[in-house]
Amino acid sequence: MSIYVIGIGGTGAKCIEGIIQLASVGLFGEETLNLLFVDADETNGNLSRALTSLEIYQKCYGLDIKDRHPWMQTKIESFPLWSPFANNSINKNLGSFFQYNILKEDEPALGNLFDVLYTQEEREANLDVGFRGRPAIGAAVMSQVNLDTLDGDSWGTLMGKIQKDTGGGTRPKIFLCGSIFGGTGASGLPTIGRLIHNKLEALKVREKVDLGCLFVLPYFGFTPELGDNSEKVYARSEQFLLNTEAALRYYGSQAQETFDTVYLLGNQQLSPVKKFSVGKNTQRNDPHFIELYAALAARQFLLKTPPGQKTVVLMNRETLKTLTWEDIPDQKEVLPELIKATRFAFVWLSNIAPELAEAKNIGGDGFRKRAGTAWFVKFFPASRGILTGGNTQKNADFNDTKEQDAIKIITAWCQDYLRWLSHIHQCQGESIQLFNADYFSGSKFNPENLSSLIFAQGDSRDQNKKSQDTIQKLKERLNPQNINPPNQGIIGLAKALYHVCELRKEN
């Protein structure tokens, strides 16, 4: 099986960000995950953040740290970002895209219809910030996309891989995600889905491919802060529900003809966006718990839906404005991996990374002589080499550039993962009861909070067991012999720590 995810627009990028975070903790298996970002706003802040998370992930995956646990077991590859304006040298506005002035002169009737459909502001608005929350603008541009003419870019590579998969007996799964209430997603998701469907039909492989999508319904809102001379064409959250209703009426039948599985995901309460932006790098909305669900929907379709099966998925939470572990799909699989990864990231940032920094400052030999550093000696022995199977194996050198780079890479992943996890707990008006995110929402963590990271519903240990759950106890259990090689140096340390961070009854 080959799996592909296409994120369309800012919300699509945020969904992929969630998928990357869940893949990092092992919830997407060992199949290579192929990603494609689609956005007219190539500098969108949500897109940039997702690409940063992807870069951090790929560096960490490159350390080859997976062991008996599923941490970093998914290889993620990404096609180059695709924009509908990628091969268009003209000004990025609707009038130029459709050659409005020539149209008015040569085809007056069509020009007049264009005037009826779009205001002057909409015709002239610069679309380098995306489609400005106007599906009608996006639909006009996206309708001109022709996959048959895009063999030289990401689409050609994507379709070539899918065709190769089907020819080799592999059944690919393609998952599209984006909003149905904004501009790029609402116009691009169904249009691109239909284009892919038609292209697969033309290649005579449609019946060999599973095509699913996620329509994200409104889940955030904002109050524009615009001056007198500011933009006149921009997204308006008060129109989101109207846009959604109209889109659902239209795509209700269209989606059934295109997709094998359709997910609808939204929230009754719109979370306020802290800072309104028309687009570009300032459009960087905080992660939301809806994006956790989006990633879980992708996981359900890509890994658990039987090939060729059309599926109806119903899901709700037990209490409005409250989210607990009982509301998480596939809880038995998801809960332990999220807990293990969160405990690891917390321990690494609150204790291990600071002590490694101290070891660098005073030198490895000096650090070994201090009390309580037996865990360090296990992975960085003072001796020059150890005898294994009759051969002398050189020990890891703590001061080696490779070791120090590994510390930075793992630390960056821990920070990025906890940043995302912290934000999905901070949705205004919602009580997210998965982790006590206050313990890792800042830059300085208190190591003594380890035993209280998880809300009670996800932690069945009694108080006595919790009281014994300390970082010192975890460090005492670190053992290179309990993990597969490489089991020395920073990689060995990280693998061993991840292993002991598993929440067990004896913790």
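The values are calculated or read from the model by the stated rules, or taken from the named source; none is laboratory data. Source: prediction; values computed, not measured. Glycine also receives a Cβ, built like all others from the backbone with ideal geometry; neighbour counts cover every protein chain displayed. For the accessible areas, the whole protein counts, side chains as well, though only heavy atoms, and no ligand, DNA or RNA atoms are used. Shrake-Rupley method; radii C 1.70, N 1.55, O 1.52, S 1.80 Å.
Structural remarks
- Residues of region 417-431 include none that is modelled with pLDDT of 90 or more, in a loop (DSSP other than H, G, I, E, B), open to solvent by less than 50 Å² (accessible area, probe 1.4 Å) and more than 15 Å from residue 286 (Cβ to Cβ).
- Pairs with Cβ under 8 Å, 6+ apart, first in region 429-458 and at negative phi and without any contact (Cβ under 8 Å) to a residue 24 or more places away in the chain, second among the acidic types (Asp, Glu) and open to solvent by less than 40 Å² (accessible area, probe 1.4 Å): 451/469
- Helices (runs of 4 or more DSSP H) enclosed by region 435-507 - at least 2 residues per element that are farther than 22 Å from residue 335 by Cα and open to solvent by 60 Å² or more (accessible area, probe 1.4 Å): 471-477
- When residue 231 is tested against the conditions (1) acidic (Asp, Glu); (2) surrounded by 15 or more Cβ atoms within 10 Å (Cβ to Cβ); (3) at pLDDT 65 or above; (4) in a loop (DSSP other than H, G, I, E, B), the lone failure is (3).
- Selected residue (criterion: modelled with the lowest pLDDT) from residues of region 68-95 that are surrounded by 16 or more Cβ atoms within 10 Å (Cβ to Cβ) and of a type in the set (S, T, N, Q): 93
- Search result, residues across region 47-80 that are part of a strand (DSSP E or B) and of a type outside the set (Val, Ile, Thr): 77, 78
- For region 357-398, a residue qualifies if it is under 21 Å from residue 496 (Cβ atoms), open to solvent by 60 Å² or more (accessible area, probe 1.4 Å) and at pLDDT 90 or above, and the qualifying residues are 358, 360, 374, 378.
- Number of the exception - residue 17 against (1) charged (D, E, K, R); (2) surrounded by 24 or more Cβ atoms within 10 Å (Cβ to Cβ); (3) over 21 Å from residue 299 (Cβ atoms): (3)
- Scope region 351-375; condition in a helix (DSSP H, G or I) and either more than 20 Å from residue 405 (Cα to Cα) or in contact with a helix residue (DSSP H, G or I) (Cβ under 6 Å, 6 or more places away or on another chain) (or both); matching residues: 351, 353, 356, 359, 366, 367, 368, 374, 375
- Some residue of region 56-65 being on the phi > 0 side of the Ramachandran plot, modelled with pLDDT under 90 and of a type outside the set (Lys, Arg): yes
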